[in-house]
C-alpha cells in the first residue's frame, strides 16, 4: 500500500492490455505502481485535456490493428 505522504518521483505512460496507462514511482519505493485514468488523480494533478488525450490514446491502443484498418477504409 502506498503511503499518501510519499512523493511522486516519476510518472510514466505506457500501454498495457490490463494495467495502467500510468506508472508511478514514489519516494522510497523502487517499484512503479499502475494507475488507470481515474485513479491517477489521487496522486497527480492533470488537466482534463491531458487526461482526455491519454484516455483516447489508451483506448486506441486496445483496438486491434485490423479493426483500425477497416475503420479508416470506411
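The values are calculated or read from the model by the stated rules, or taken from the named source; none is laboratory data. Since the model is a prediction, treat every value here as computed from it, not as a measurement. Glycine also receives a Cβ, built like all others from the backbone with ideal geometry; neighbour counts cover every protein chain displayed.
Would you be able to tell me the number of residues in the stretch 26-49 that are surrounded by 12 or more Cβ atoms within 10 Å (Cβ to Cβ) and touching a strand residue (DSSP E or B) at 6+ places or on another chain (Cβ under 7 Å)?
8
For the stretch 28-74, what are the residues that are modelled with pLDDT under 85, assigned to a loop (DSSP other than H, G, I, E, B) and under 17 Å from residue 17 (Cβ atoms)?
Correct list: 63, 64.
Taking residue 2 as meeting all but one of (1) surrounded by 11 or more Cβ atoms within 10 Å (Cβ to Cβ); (2) in a loop (DSSP other than H, G, I, E, B); (3) modelled with pLDDT of 85 or more, write down the number of the exception.
All conditions are met except number (3).
Going by the conditions given, is residue 23 touching a strand residue (DSSP E or B) at 6+ places or on another chain (Cβ under 7 Å) and either at pLDDT 90 or above or exposed (fewer than 10 other Cβ atoms within 10 Å of the Cβ) (or both)? So that I can check it myself, show each step before the final result.
Working: touching a strand residue (DSSP E or B) at 6+ places or on another chain (Cβ under 7 Å): yes; either at pLDDT 90 or above or exposed (fewer than 10 other Cβ atoms within 10 Å of the Cβ) (or both): yes.
Answer is yes for this residue.
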